[in-house]
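Below is one structure, written out as structure tokens; comments come after it.
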Amino acid sequence: ANLYGVRDWGADYFDINSAGEAIIRVPNGSGTIEVPIIEVVEAMRLRGLEMPAVLRVENLLDHRISAINEAFANAIASAGYNNEYRGVFPIKVNQQCHVVEEIADYGARYHHGLEAGSKAELIIALTQLKDRHSLIICNGYKDQEFIELGLYARKMGINCFFVLETLGELDIIIERSEALGIEPAIGARIRLSSMVEGHWNEDSGDRSIFGLSTDSLLCVVDKLRAHNMLHCMQMLHCHLGSQIPNIRNIRSGVLEACRYYTGLVAEGAAMGYIDLGGGLAVDYEGRRTNETHSMNYGLNEYCANIIETLQESLDSEDVPHPVVITESGRALVAYSSMLLFNILDVRDHKPGKLPETIPDEGHDLIHNLRAVLDAVELKNLQECYNDALYYRDEVREQFHRGQASLRERATAENLGLAIFEKISALLPAAKRVSAELDDLPALLADIYYGNFSLFQSLPDIWAIDQIFPVMPIHRLNEEPTRQAVLADITCDCDGKIDHFCYEGDIHRTLPLHPLNDEGEYYLGVFLVGAYQETLGDLHNLFGDTNVVSVHVNEDGSFDFRREFHGDSIADVLSYVEYEPKNMLEQFRRNAEQAVRDGRISVAMRQEMLQAFRASLYGYTFFER
Ligand code: PLP
């Protein structure tokens, strides 16, 4: 079944089996291998890896690398394009060692390279890439040290490009390359005027903070010519933005880039490479629309569009076809990671027990509320809502003034909730409802408290209202009878998830199962492999989660290739410059003073010290 829209956003990598468990489906030749995620969670717990945890599936990452490279190879073959594709992975999208290592290792068969935006990332690229045919593309602002590292890499036979972001960099490149006697390979990042839709459209257009203007580009050409280095100018680079939802924007961006490419060829630059940056989207919503978190195209269409546009545009000017580079980050890594967590508690908005009858001498307003409750019908929903709100708020006011008792207030609150619940249940049958009634089900939704920090693990939900698919990873053949929003454990009002996409629409609540006594209730947030792991912060000092990387074998078993235990409290305290050893010592001194004062025994002191030590070196998240 397509519960939670899994077949829309899952790209065939995720589904639900007949036992009601969410599964990872790993493509394997012409078939697939299926692994219930709950089995991985159980295996993790046996290894002391508690929730929350990020689960990475190596096979999915490998499959994405193959998918992108093969889609480009097919588009090139079917169009008769006269050159090849070289992908590079932008390290900033997921800098974790195992991810980059896997891309470098598995990607070697496609000569998939790396994009570095800083010296630290260049150091990663220089040490991880083993394949000589893979490219290293250096973007970002480059100082002398950065440039020297890149030049040495060229000398070692690595195809490392400097992409100029500013004119200033060119002087250092020319000076250092002349001084070291090493020829650079240079690309120019241009500021396209083509604008794209979606959240990251500020990377494109005239106001983009990145890239050279047309005039600066010509200054680059003139300067290189003056230094007899025009043959080093080999690449045109552009990046329209990340998560481009509309394919038409991609076509127009590529077309504009071709015009620049052709212009540089006419100027006498060597050229040979065109780098179209990132932007290949991920359909987080599974709706195939041109909305921000979706996309109105598929991978094959993306590749065909790029190759055909290049070919048509360059052929008309008789320009030889360049090597095509893209820097897809999100589309490469998003699918391979998911965040898993357990639910710690639920707060519902069910009314407490209502009195059978209200005594005659009872509070007038409570009598009124009771009457409203009995009166609710499909035809008077708004009226009853208004009345209930009015009477309930009046009781609150009177309570403030000392004219209503604690028990009267509790009864009024319960009656109010009972009325709202009755109205909410009738809403689906109502023809037209006001915005406030429309909001009612979300206001009455349960709050499921999840053992995770949104700020650490899903920062884009907080920063840009990103939508990620969320669903339970088990109990999926039981009816989810509750409507919920999710809250994290940071106690921050922004630490919640209250927008979900399923059944082809955005909803403010997620159907979930009631907690039961049979064990933990686990949820997964999917497609979180891109940008989430390193943008996260230490809000409330919740640190990095546990992480495991599994490799699924042909027989459906899986190996734990990597496991990282998340930050301990001592780790996060030292990030904010506390010294855990000193803290332990200070606590010991306080305990010793308490012994001297006769407040605790020595045995109690030992117990307290042990508890303190266990917390200090334990997981920052909730432990059962
Ligand atoms: N290349 C550059 C220069 C970028 O700035 C980015 C991200 O914004 C990317 C590549 C990766 O983009 P995406 O993750 O959309 O593929």
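The values are calculated or read from the model by the stated rules, or taken from the named source; none is laboratory data. None of the values given here were measured: they were computed from a predicted structure. Methodologically, a virtual Cβ is constructed for each residue, glycine included, from the backbone with ideal geometry; neighbour enumeration extends over all protein chains shown.
Are any residues in segment 47-99 in a helix (DSSP H, G or I), among the charged types (D, E, K, R) and either more than 26 Å from GLU34 (Cα to Cα) or under 21 Å from the mean Cα position of the chain (by Cα) (or both), and if so, which ones?
Looking only at segment 47-99, we keep the residues that are in a helix (DSSP H, G or I), and these are 58-79, 91-93, 97-99.
With the extra rule that they be among the charged types (D, E, K, R), the set shrinks to 58, 62, 64, 70, 92.
Across segment 47-99, the qualifying residues are GLU58, ASP62, ARG64, LYS92.
I'd like the residue in segment 45-78 that is crowded, with 17+ Cβ neighbours inside 10 Å and over 24 Å from ALA334 (Cβ atoms) and, out of all such residues, is modelled with the highest pLDDT.
Of everything passing the filter in segment 45-78, ILE76 is modelled with the highest pLDDT.
Among the residues of segment 255-277, write down those that are within 16 Å of the ligand (Cβ to nearest atom), assigned to a loop (DSSP other than H, G, I, E, B) and touching a helix residue (DSSP H, G or I) at 6+ places or on another chain (Cβ under 7 Å).
LEU276
Which number in (1) surrounded by fewer than 18 Cβ atoms within 10 Å (Cβ to Cβ); (2) touching a Ser or Thr at 6+ places or on another chain (Cβ under 9 Å); (3) modelled with pLDDT under 95 marks the one condition that ASP360 misses?
(2)
When segment 350-374 is examined, which residues are found to be under 47 Å from the mean Cα position of the chain (by Cα) and among the small types (Gly, Ala, Ser)?
Correct list: GLY352 only.
Please count how many residues of segment 315-352 are more than 16 Å from the ligand (Cβ to nearest atom), assigned by TED's automatic domain parsing to the domain that holds GLY113 and part of a loop (DSSP other than H, G, I, E, B).
7
Has segment 93-100 got any residue that is surrounded by 21 or more Cβ atoms within 10 Å (Cβ to Cβ) and more than 28 Å from GLU554 (Cα to Cα)?
Yes; the residues of segment 93-100 include at least one that is surrounded by 21 or more Cβ atoms within 10 Å (Cβ to Cβ) and more than 28 Å from GLU554 (Cα to Cα).
Based on what the data block shows, is SER252 closer than 29 Å to ALA179 by Cα, away from the ligand (no atom under 16 Å from the Cβ) and either modelled with pLDDT under 95 or surrounded by 20 or more Cβ atoms within 10 Å (Cβ to Cβ) (or both)?
So SER252 fails the test.
Can you tell me which residue within segment 100-119, out of those that are more than 10 Å from the ligand (Cβ to nearest atom), over 12 Å from HIS133 (Cα atoms) and free of Cβ contacts under 8 Å to residues at least 40 places away in the same chain, is nearest to the chain's Cα centre (by Cα)?
By that ranking, first place goes to VAL100.
Just name the residue that is farthest from PRO184 (Cα to Cα) out of those in segment 260-270 that are buried (at least 23 other Cβ atoms within 10 Å of the Cβ) and not aromatic (Phe, Trp, Tyr). Can you show your working first?
Going through segment 260-270, the residues buried (at least 23 other Cβ atoms within 10 Å of the Cβ) turn out to be 261, 264, 269.
Checking which are not aromatic (Phe, Trp, Tyr) leaves us with 264, 269.
Values: LEU264: 17, ALA269: 14 Å.
Per the stated criteria, the residue is LEU264.
Identify the single condition in (1) surrounded by fewer than 20 Cβ atoms within 10 Å (Cβ to Cβ); (2) under 23 Å from the mean Cα position of the chain (by Cα) that VAL550 does not satisfy, given that it satisfies every other one.
(1)
Residues GLU383, GLU408: which one is acidic (Asp, Glu), assigned to a helix (DSSP H, G or I), surrounded by 16 or more Cβ atoms within 10 Å (Cβ to Cβ) and away from the ligand (no atom under 16 Å from the Cβ)?
On inspection, the qualifying residue turns out to be GLU408.
Can you tell me which residue is farthest from ILE174 (Cα to Cα) among those in segment 215-233 that are surrounded by fewer than 14 Cβ atoms within 10 Å (Cβ to Cβ) and among the charged types (D, E, K, R)?
ASP215
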